[in-house]
Amino acid sequence: MDDGSWHGILCKGFDGGEVMAGITERLDAMEAEIRKPRFRESTGMANEVNYWVFDYPPEKELEVRERIEYMKKKNQKGVDGFELVVFDLYDMVMDYLEGKNFVNSYMRYEKRRGFNYIVRAVTTSMKVNEDDSIIVQKIVEQTPENAIVFLTGVGKCYPMLRSHKILNTLHQHGLRKTPVVLFFPGTYNEQELILFNEIKDDNYYRAFKLVK
C-alpha cells in the first residue's frame with residue numbers, strides 16, 4: 001500500500017469473501033499508517049483535510065485504550081519524528097468543570113432538574129456549539145508543531161459533545177495542517193457517524209476512514 005492512498009485492511013473469510021479484520025489487526029494497521037511520513041502531510045487524498053476516523057466495536061474500548069496508551073509511551077522516547085498528542089474529551093470536560101468548581105453544583109441540579117438540564121448547562125458554559133468552543137481552543141493551544149492528534153473519550157462524553165461538531169469546529173477554526181484521528185466507538189462510513197452502532201450523529205463526510 002505504497003501508492004499514497006489507504007484502503008483499509010481486509011481479510012478473506014471462509015467463503016472466500018472479504019471480512020473486516022479483528023481489532024488487533026486493525027490497530028496494527030492504524031499504528032503502521034500514522035508512522036508513514038506522508039500521513040503527516042498537510043492534506044489527505046484529493047487535497048482534502050488530513051482528518052481521520054478510526055471506528056471500532058464499542059465492546060473493544062479497553063483494547064483501543066490500551067493501544068493508545070502504549071503508543072503514547074513509545075512516542076515519548078522521541079524517535080518517531082513527530083509528537084503524539086492525545087486529548088481525552090471526557091477528561092477535558094471534567095477538568096473544566098472541576099476548575100470552575102461546578103461538579104458538586106451540577107450534581108445537585110441534576111437531582112432537582114434532571115440530566116437534560118445538566119447537558120444544556122455544560123454545553124452552554126463550554127460553548128460546545130460555538131466557533132470559540134473551549135474544547136477546541138484548548139486542543140489548538142496544546143498542540144505543538146509536527147504533531148499527530150488523537151481524540152478519544154467520545155463515548156463517555158455523549159450527549160454533551162457530538163463528534164461531528166468537534167471535528168467541524170476544529171477544522172474551521174483550529175487545526176488545518178495537523179493530522180487528527182478521532183477514535184469512535186461505533187461505525188463511520190464516510191457519510192455518517194453512528195455512536196455505539198445505535199445513535200446516529202449528524203452527517204459527516206469530511207474525514208476519511210483510517211482503517212476499513
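Just a few scattered comments:
- Criterion violated by residue 122 - all others in (1) under 19 Å from the mean Cα position of the chain (by Cα); (2) surrounded by 18 or more Cβ atoms within 10 Å (Cβ to Cβ) satisfied: (1)
- Annotation note: of 93, 64, 86, 122, the sole residue that is part of a helix (DSSP H, G or I) and touching a strand residue (DSSP E or B) at 6+ places or on another chain (Cβ under 7 Å) is 64.
- The single residue among 127, 156, 212 that is modelled with pLDDT under 90 and surrounded by 13 or more Cβ atoms within 10 Å (Cβ to Cβ) turns out to be 212.
The values are calculated or read from the model by the stated rules, or taken from the named source; none is laboratory data. Remember, predicted model here, so these are calculated numbers, not experimental data. Please note: Cβ atoms are built from the backbone with ideal geometry, for glycine as well, and neighbour counts cover all protein chains shown.
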